[in-house]
Ligand code: ADP
């Protein structure tokens, strides 16, 4: 990217500032420094001091008479403006003071001019030249003050992206929707002939890390066109109008390079709904958005500039952005299903050395809800672990451990639990596992561990569904709540006391119970009535109440009732199998980690 704005202009500003500083320094600051320590008195005082023989030394100059009084150890320098006084010489002799150098000799005016004006100017000139050279050398390394209003869009050379659709695993629907755009970029004439207008923009919506950026790059790679990428937050500027200028500049660049792809990541940062209220408003953001809307209307869709944007908060976007002629195509990029996960793992596994007997399908099964980015991370973590272990190939164990790292954090080996705490955690985890196993339709337990993790978990029970679940019945949700409460139930039953260890379970159980009532219509009282709306569907899915205060109070009561009921059920189940609970907990306490098979064999042996 070359810097279009003339940097020489900025240099002129730089020199003017330097000149002003020098002027100020020479008129006010330097003289003040030089004259520090010299007291100015009137001529009368000087004569009186002379007559009283207080003056020890004097120096008569054209502009001032300098004289010294006080003791030798602590001389005080004074000066006064001379008068046309013929008697002065006599008086000086009469006082008996010495004649000598009181202040430094005045430097010659020429030398002083040289030092205080010319030398600094020359110095600053060279500094200026150096800065200038730096700016001219490269846009990105240049001084930011010279780049106001320039977009930071990076131009990618087509060969540099190199990403093709085949690199993006799964996401078949999204790829299909984007294929048309690729086709258009290949051969715009075909579309023009028939009179079809290509959509100017497409919005990729989905949770973070699902490959939206990758897909946009792949479109550019497939069509073999330049790829401009900029994040919405890069448009957010301190000064009103700067963001808008950046948008203008981006589109100017894109038009010059057409056909090309412009990718705006996190468009929600600039495309938020304009609400019209709010003190002071957010002029900068609105101006940026308006500019974006105007540019999208303004450019010729037939030219081959396609704008792709990504967001994980589509509900916050301004409707004006979504109307036909702007981002009228909405392409969902969802979290991968089991097959998708396996495919993504396979794509990334190609980059590492795999040992034999690797079962990626098993890993895919144990990672429901993981995004592409997380899966890529799992493969990388596994490779890192293999290196740590001094192996040359990644084995299944590495992959399994890295799934746990991604889910629960690293093992925290130096965290020492007391024996009592370890026993509590063991009972807690076995409580979960036992209740899960004793209920039908619960996902099988695959691993139980009481090794603390960096996420703060002191232990956990891993359950893996045998196959992908898309629906959950009421009974299954209730089972899940019972399983979640079972840790606490076991603690209470065995130790007669409860601990803080159940905080996470409580949160999950409450969420589930609440969702059953307010969103899934699974309560007799409210039936199929929506009592909550979900916000940020792709980012955690927080819900906000959509009912009256009284209903909310009823809902709260019902949530408490539901969780309590399941807690009692879990306790009952554990009571009925108390022997197994003790035996399994003892086993876990000793071994720290047990597999699902070990767990089942002990459970069944007892039964
Ligand atoms: P987003 O833009 O949706 O937040 P990215 O496209 O930046 O996500 O994806 C982040 C990383 O995750 C990619 O660099 C890639 O390694 C991995 N990834 C995500 N989805 C996929 C996929 N479908 N296939 C292969 N890799 C993927």
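The values are calculated or read from the model by the stated rules, or taken from the named source; none is laboratory data. Just so you know, these numbers come straight off a predicted model, no measurement behind them. A quick note on method: Cβ atoms are made from the backbone with ideal geometry, for glycine too, and the neighbour counts reach across all protein chains shown.
Which of the residues belonging to segment 346-382 are touching a residue at least 60 places away in the same chain (Cβ under 8 Å) and within 13 Å of residue 169 (Cβ to Cβ)? 346, 347, 371, 372, 373 - these are the residues of segment 346-382 that are touching a residue at least 60 places away in the same chain (Cβ under 8 Å) and within 13 Å of residue 169 (Cβ to Cβ). In segment 502-517, is there at least one residue being under 17 Å from residue 561 (Cα atoms), part of a helix (DSSP H, G or I), in contact with a strand residue (DSSP E or B) (Cβ under 6 Å, 6 or more places away or on another chain) and free of Cβ contacts under 8 Å to residues at least 40 places away in the same chain? There is no residue in segment 502-517 that is under 17 Å from residue 561 (Cα atoms), part of a helix (DSSP H, G or I), in contact with a strand residue (DSSP E or B) (Cβ under 6 Å, 6 or more places away or on another chain) and free of Cβ contacts under 8 Å to residues at least 40 places away in the same chain. Return the residues of segment 365-393 that are modelled with pLDDT of 90 or more, buried (at least 16 other Cβ atoms within 10 Å of the Cβ) and in contact with a helix residue (DSSP H, G or I) (Cβ under 7 Å, 6 or more places away or on another chain); say none if nothing qualifies. Selection gives 372, 374, 375, 376, 377, 378, 379, 381, 382, 385, 386.
Might you check whether a residue that is over 30 Å from residue 295 (Cα atoms), under 27 Å from the mean Cα position of the chain (by Cα) and within 16 Å of the ligand (Cβ to nearest atom) occurs anywhere in segment 352-366? No, segment 352-366 has no match at all.
Listed by first and then second residue, the pairs with beta-carbon distance under 6 Å, at least 6 apart or on different chains, first residue in segment 167-182 and more than 10 Å from the ligand (Cβ to nearest atom), second modelled with pLDDT under 90 and part of a helix (DSSP H, G or I), are 178/219; 181/219; 182/219; 182/222; 182/223. Restricting 488, 469 to those that are touching a residue at least 60 places away in the same chain (Cβ under 8 Å) and buried (at least 21 other Cβ atoms within 10 Å of the Cβ) reduces the list to 488. Tell me, yes or no, whether segment 406-416 has at least one residue that is part of a helix (DSSP H, G or I) and within 15 Å of the ligand (Cβ to nearest atom). Looking for residues that are part of a helix (DSSP H, G or I) and within 15 Å of the ligand (Cβ to nearest atom), one finds at least one in segment 406-416, hence yes.
Among the residues of segment 336-351, just one is within 10 Å of the ligand (Cβ to nearest atom), in a loop (DSSP other than H, G, I, E, B) and over 16 Å from residue 467 (Cα atoms), namely 351.
Restricting the search to helices (runs of 4 or more DSSP H) fully inside segment 152-253 and requiring at least 3 residues that are buried (at least 20 other Cβ atoms within 10 Å of the Cβ) and modelled with pLDDT of 85 or more gives 172-186, 212-223.
Condition (residue is more than 16 Å from the ligand (Cβ to nearest atom), surrounded by 16 or more Cβ atoms within 10 Å (Cβ to Cβ) and not assigned by TED's automatic domain parsing to the domain that holds residue 220) applied to segment 298-320: is it met by at least one residue? Within segment 298-320, none of the residues are more than 16 Å from the ligand (Cβ to nearest atom), surrounded by 16 or more Cβ atoms within 10 Å (Cβ to Cβ) and not assigned by TED's automatic domain parsing to the domain that holds residue 220.
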